[in-house]
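Report on one structure; see the data block that follows.
The values are calculated or read from the model by the stated rules, or taken from the named source; none is laboratory data. Keep in mind that this is a model prediction, so the values were computed, not measured. Cβ placement follows ideal geometry from the backbone for every residue including glycine, while neighbour counts extend to all protein chains displayed.
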Amino acid sequence: MSALAGNIPIVESASRNEYEELLAQWGDMQATLAFLLRRPQQTADFPTKIRQCDQWLQEMVAQDVDSTLYLIFQLASTNGTGYSASHALVCASLCHILAQELGLPRNERDSLVRAAFTMNIGMTELQDELAERADPITAQQQEAINRHAEKGMALLEHVGVADDLWLDSVAYHHTPQRDRAREPLKSLQPEERLTYILASVDRYAAFISPRKSRIGRSATESMRALLGKNVSQSDEVGFILVRTIGLCPPGTFVKLDNGDTAIVLRRGESTSFPIVASLIDVDGEAYPEPELHYTVHGKRRVINALPSSAVSMGTNHYTMVRMGLMAAGRRLGSPP
């Protein structure tokens, strides 16, 4: 039986089915979310449907956090079912992971993630349209953008959402939060804490995602844009995001010290030393099979992050997720 680079064996059919099911479930969840966000008033018991998406998300993340990160950052760069749904799923996933890292109370975690799913529901179709057009925004479109948070809150109330933290987070996720970055999150009121977390995650995900009007930034550029030029250790959300997912999270592309273009598979022993797979050599030729590198060992080093637009070849998500899990000596659902 053949092997992937780095002497990682091809898994047997039982494991193969697990990986294929994982990818299919992520695709199904994104398609379901796209339908809900476009048709909230035609959806029976909309709040329950969003809570079901939340439960679905939790079950997916519980299988493997690194595979989750890989898939959501690949989703952010492709927008297969529309920008609005993929952006919502990326933000909800990151909010869930951050809520665990921050130790948020259960009620705050639930409100935060559900707000992340629905924060742009007041402009879903417009958001999808703008992501596919390079034309300048019209005055009418800008007015809709300016009012989408308020409209979104009203729409959610209309379809039965009664959670005040969820509603407030949607209503104020674009309210200026600069002064909040200097205050410890635990000292803020719950609505302020959730709004600040959501606004930070929203900005980061928007930076990294491409649109017709601009290419997405690299993961490192996106994080620097989020943190700003004059950052301090009191900017908890940004620094915890760096500590949790890394400057080059799974699913993003990097340049290695030998000139290879690689994709990050897992965070490795430290977020500073990810496990990566070389896809393209220094001459621009694709490798017949991905070549695995544990950067913590120092044989290959990450020089810089790359935007998704810098890599023209497609990636086989099934192969990459499987390779990353096998590199870490894990299977789906096994403890870290």
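Does Gly251 fit the bill of being surrounded by 23 or more Cβ atoms within 10 Å (Cβ to Cβ), outside any strand (DSSP E or B), touching a strand residue (DSSP E or B) at 6+ places or on another chain (Cβ under 9 Å) and not aromatic (Phe, Trp, Tyr)?
Working: surrounded by 23 or more Cβ atoms within 10 Å (Cβ to Cβ): yes; outside any strand (DSSP E or B): yes; touching a strand residue (DSSP E or B) at 6+ places or on another chain (Cβ under 9 Å): yes; not aromatic (Phe, Trp, Tyr): yes.
In short, yes.
Only one residue in Phe46, Phe35 is farther than 30 Å from Ala328 by Cβ and free of Cβ contacts under 8 Å to residues at least 12 places away in the same chain, so which one is that? Steps first, answer last, please.
Working: Phe46 fails: free of Cβ contacts under 8 Å to residues at least 12 places away in the same chain.
Answer to the selection: Phe35.
Given the conditions (1) at pLDDT 95 or above; (2) surrounded by fewer than 22 Cβ atoms within 10 Å (Cβ to Cβ); (3) polar (S, T, N, Q), and given that Gln141 satisfies all but one, which numbered condition is not satisfied?
(1)
Determine whether the range 268-287 contains at least one residue that is surrounded by 20 or more Cβ atoms within 10 Å (Cβ to Cβ) and in a loop (DSSP other than H, G, I, E, B).
No, the conditions are met nowhere in the range 268-287.
Within the group Glu125, Glu101, Glu157, Glu108, which residue is over 24 Å from Tyr196 (Cα atoms) and either surrounded by fewer than 24 Cβ atoms within 10 Å (Cβ to Cβ) or under 22 Å from the mean Cα position of the chain (by Cα) (or both)? Before you say what the answer is, go through the steps one by one.
Numbers: Glu101 fails: over 24 Å from Tyr196 (Cα atoms); Glu157 fails: over 24 Å from Tyr196 (Cα atoms); Glu108 fails: over 24 Å from Tyr196 (Cα atoms).
The match here is Glu125.
Name the residue, out of Arg147, Arg133, that is assigned to a loop (DSSP other than H, G, I, E, B) and more than 28 Å from Gly333 (Cβ to Cβ).
Every option except Arg133 fails the conditions.
Here are some residues: Leu36, Leu75. Which one is more than 22 Å from Asp164 (Cβ to Cβ) and assigned to a helix (DSSP H, G or I)?
Values: Leu36 fails: more than 22 Å from Asp164 (Cβ to Cβ).
The conditions single out Leu75.
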